[in-house]
Amino acid sequence: MTALCLAAAAITVALPLQAFTLAWTHSIEKIRWEEDYRLAGDKLELVEARIRGSGAGMEPPEGAVLKDGVWHYAPALPALPRLKLTRSVYVADYELCAAGRCRSFGDVIGEAENAPEVEVFVCGKR
């Protein structure tokens with residue numbers, strides 16, 4: 001079975017997932033963003049994204065639909081080989097959500113001060 005890997009410093013964590021949501025809170029506007037991904041072969045396919053509001057530099061893109069106060073849209077991006085994320089101890093951490101449960105990256109890969117950069121990719125395809 002394919003798995004999702006998170007790698008930071010000398011740590012790699014494999015999670016048996018086929019789909020997940022990456023969520024975070026905008027550092028200035030304090031608005032939640034969510035992106036739904038699925039593992040597509042050796043790449044990550046962004047299926048849908050949501051913004052729970054708008055603000056400075058974070059307007060919903062053209063074609064976004066407002067449902068119950070949340071902007072929904074499907075980014076027109078090719079599948080990605082990996083995500084490279086930068087974390088900071090000064091802002092809320094990223095969350096990884098799957099099967100109805102969200103966990104902070106700190107719980108999955110370690111605290112931001114020890115793992116400030118995280119790569120997310122399909123295991124075995126780095």
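Each value in this text was obtained by applying a stated rule to the coordinates, not by laboratory testing. From a predicted model like this one, the values you see are computed outputs, not experimental measurements. As a convention, Cβ positions derive from the backbone with ideal geometry for all residues, glycine included, and neighbour counts pool all protein chains shown.
What is the fewest-to-most order of THR21, THR12 by other Cβ atoms lying within 10 Å of their Cβ? Final ranking by Cβ density, sparse to dense: THR12, THR21. In the range 1-38, which trypsin sites (Lys or Arg not before Pro) fall in coil by DSSP and have 13 or fewer other Cβ atoms within 10 Å? Here the sparse-neighbourhood loop sites are LYS30.
Listing THR2, THR86 from the residue with the fewest other Cβ atoms within 10 Å to the one with the most, what is the order?
On the way: THR2 15, THR86 9.
Listed from fewest to most nearby Cβ atoms, that is THR86, THR2.
Across all directions, the shadow cast by the convex hull of the range 24-89 built on its C-alpha atoms averages 5.3 square nanometres. Labels on offer are [x] 46, 26, 21; [y] 35, 31, 27; [z] 39, 34, 24, and the one holding Cα extents along the principal axes in Å computed from this structure is [z]. For the chain, the mean residue ellipticity at 222 nm estimated from helices alone is -1000 deg cm²/dmol, where every DSSP H run of n ≥ 4 contributes -39500 (n - 2.57) and the total is divided by all residues, rounded to the nearest 500. Sorting TYR94, TYR73 by the number of Cβ atoms found within 10 Å of their own Cβ, with the fewest placed first, yields TYR73, TYR94. When only alpha carbons are used to place a centre, the range 84-126 and the range 14-47 end up 10 Å from one another.
Annotation for ALA92 and ALA74: the two label points, set 7 Å from Cα along the Cα-Cβ direction, are 2.8 nm apart.
In order along the range 3-11, the phi-based Karplus estimate (6.51 cos²θ - 1.76 cosθ + 1.60, θ = phi - 60°) of 3J(HN,Hα) comes to 9, 9, 10, 10, 10, 8, 6, 9, 10 Hz; Gly and Pro are listed as x. Projecting the Cα positions of VAL122, SER27, CYS97 onto the charge dipole of the chain (unit charges on Cβ atoms of Lys, Arg, Asp and Glu, taken about the Cα centre) puts VAL122 furthest along the positive direction.
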